[in-house]
Amino acid sequence: MHNVWTDVDALARLARSEHKAERDSLGARASSRGNPETILYPPFRGDARFEFHTVESPARMVSGDYADGMLLTGGVLAVVMADVSGKGIPAAVVMGISRSVIRNICAYSDSPGEALTRVHKILFEADLDSIFLSIFLGYLDLRTGAFRYANAGHPLPYRIAADGGVRPFGSVTGPVLGILNVGRYSEKEERLGHGEALLLYTDGITEAKSPMGEFFGDERLCDLLAQHADTPIAALCARVADAIEEFQGGVRHDDATLLAVRRTA
């Protein structure tokens, strides 16, 4: 673990040193306009057990959001949605090392609560100068539908039923990572039925602001998900991302990221 600790410390110092450069960057603001970047993780192409899709819309040149999926041993799909405080280069630097740490720990941990406990220990002892990380980490058993998850201060996902019903999924199981001396993160379990989907997102979605200063909000998001509940996951994400972009008038105030997963028959 020595090299990981060294990298965390170096990248944390780099993140702090980049604050002024980020504030002064005119080019970064120009990049906040335009179509969101769409990412489909190649390892999942053609897997009939589930649908998986993400859309990332950075507010600056780079994003402090992180959406990911990993196939673990035993037919388990790990899904990750995380958000580093702040945005731009400092947030992206911390997110970069966090992504590496999370991926490596998940590969050797069969418990989302244990995984977040270990990630938090690394970030907390790195002393990231008040930078913190909210994260949802879930392990979906593709055979049974059992879904174990740990939620460290992240917005609750939405469960989308096959009949179009939309409701919040799960609960927060612990505080954000990196700033509080937390001994252990707990986890909970629910079941995802065939045809059911989850939409994970960062607060840049519900807190997207119109030119008049109005928030997009949870009610609009739920209505949109209900209207398109039976569409393929990729199309669902695209419709939400387009609605957010239109609502903001093309000006992004915060990183906004979506991740949707549906358990198929």
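What follows is calculated from the coordinates using simple rules that are stated; it is not laboratory data. Please read these numbers as outputs of a predicted model, since none were measured by experiment. Every residue, glycine as well, gets a Cβ built from its backbone with ideal geometry; the counts of neighbours run over all protein chains shown.
Below are the figures for this structure:
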| item | result |
| --- | --- |
| Residues L192, L199 arranged by fewest to most Cβ contacts within 10 Å | L192, L199 |
| Kirkwood-based shape ratio for region 160-217, expressed as Rg/Rh from alpha carbons | 1.08 |
| Gap separating the Cα centres of region 179-233 and region 134-167, nearest whole Å | 10 |
| Residue exposure sequence - H120, H253, H228, H154 - by fewest surrounding Cβ within 10 Å | H253, H228, H154, H120 |
| Paired Rg and Dmax values of region 88-228, which use every Cα atom, in angstrom | 16.4, 48 |
| Taking Y66, Y149, Y158 and counting other C-beta atoms within 10 Å, the order from fewest to most | Y158, Y149, Y66 |
| Share, in percent, of DSSP beta bridges within region 97-182 that are antiparallel, nearest 5 | 90 |
